[in-house]
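S.K.: Here it is, the structure in full.
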Amino acid sequence: MKYWTDILRNITALTQFGLSLITPLLLCLGLSWWVSSRWSVGAWVYIPGFFFGMGGSAMVAYKLYLTVIKKDKKEKKKHKISFNRHS
């Protein structure tokens, strides 16, 4: 049963990460579409919208990276302490 809970936890984390990556891009492109249709701005407004959206997605990926590294260090430290106690 533990095997299935690990699988479901990983699928949930992957889905959440995917949504977190795509959301800034979709929001920025949606805002670009709204600005373009509301004020009749040219299609050039999609270019900055795309790059701002990709920047937001990059920040999400970077923060996830920092979280994973921090968790990995904590687990290594915990494992090292546990190993030293048993030796």
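S.K.: To the nearest 10 square angstrom, what accessible area does Ile7 show with a 1.4 Å probe?
M.R.: Here the accessible area works out near 50 Å².
S.K.: Can you give the charge dipole size of the chain about its Cα centre, rounded to the nearest 20 debye, using +1 on the beta carbon of Lys and Arg and -1 on the beta carbon of Asp and Glu?
M.R.: Using only the charged Cβ atoms, the result is roughly 760 debye.
S.K.: Also, I was wondering about something else. Which one, Ser32, Ile22, Tyr46, is farthest towards the positive end of the dipole of the chain when Lys and Arg carry +1 and Asp and Glu -1 on their Cβ?
M.R.: Ile22
S.K.: Please pull out the direction-averaged projected area of the chain, using the convex hull of its alpha-carbon atoms, in nm² to one decimal place.
M.R.: 7.9
S.K.: Rounded to the nearest 10 Å², what accessible area does Ser40 show when all protein chains are kept and the probe is 1.4 Å?
M.R.: Surface open to solvent at Ser40 totals about 100 Å².
The values are calculated or read from the model by the stated rules, or taken from the named source; none is laboratory data. Note that this is a predicted model, so its numbers are computed, not measured. All Cβ positions, even for glycine, are placed from backbone atoms using ideal geometry, and neighbour counts span all protein chains on display. Note: accessible area is taken over every heavy atom of the protein model, side chains too, but ligands, DNA and RNA are not part of it. Shrake-Rupley method; radii C 1.70, N 1.55, O 1.52, S 1.80 Å.
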